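Read through the structure below, which is laid out as structure tokens, and then see the notes.
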Amino acid sequence: MSEEPQPSTNPSPDPQAQPPTHPLVGLTDVALEALLKRAVRDTLILGLIPSIVLLIASGWRNAAMLAVGALISAASILEWQRLIRLLNAKLDKQKTPRSAPLVVALFLLRLTLFAGAIYGSLKCFQGSVVALLCGLCLAFLATTWEALRLLKD
């Protein structure tokens with residue numbers, strides 16, 4: 001007994017229908033701001049809790065290294081948020097703020113300060129480089145987590 005395939009009961013797809021847009025394509029400036037604020041919050045929380053655990057488990061040096069990395073990560077997200085605002089204003093053909101060169105100059109200055117903080121923490125705290133690198137990776141992890149949450153919704 002062979003069964004013959006039944007004809008499809010679904011009507012043929014509408015040739016004029018648009019394919020569904022990807023959630024990241026429809027990301028508004030407000031949603032991006034909210035995503036980055038949540039990423040900063042997540043970064044600080046993910047830096048604080050393990051720093052306390054490291055303080056108890058292996059001493060203040062490693063905890064300080066992780067905390068420095070987490071603070072730099074959170075500050076980096078804030079810096080990228082400022083640059084994104086500037087770029088979005090330019091892309092939306094809005095009037096570019098007069099302070100645009102100042103924002104870029106301060107961005108570069110802060111990158112230099114972050115490099116100095118990394119160097120200073122390595123020299124002064126003499127803790128684990130791995131703890132510092134883990135703290136520095138928190139911005140990437142928190143931003144990725146928030147983007148995945150956005151895709152899920």
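Quick notes on this structure:
- Dipole of segment 29-152 [Lys/Arg +1, Asp/Glu -1 at C-beta], most positive-end residue of Ala89, Leu32, Ile45: Ala89
- Working ranking of peptides 131-141, 107-117 by packing, defined as the average number of other Cβ atoms within 10 Å per residue, highest first, is 131-141, 107-117.
- Simple label model, 7 Å out from Cα along Cβ direction - Leu148 to Lys37, nm: 2.4
- Taken about its Cα centre, segment 29-152 carries a charge dipole of roughly 280 debye when the Cβ of each Lys and Arg holds +1 and the Cβ of each Asp and Glu holds -1.
- Backbone N within segment 111-153 under 13 Å of label point (7 Å from Val53 Cα along the Cβ vector): 135
- Extension gain, Tyr119 to Leu102, is 3.6 nm, computed as 0.36 nm per intervening residue step minus the present C-alpha separation.
- With only Cα atoms counted, segment 29-152 has Rg and Dmax values of 16.3, 53 Å.
Read the figures in this text as sums done on the coordinates, not as results from a lab. The structure presented is a predicted model; accordingly, all values stated were derived computationally and were not measured. Counting neighbours? That spans all protein chains shown, and the Cβs are built from the backbone with ideal geometry, glycine included.
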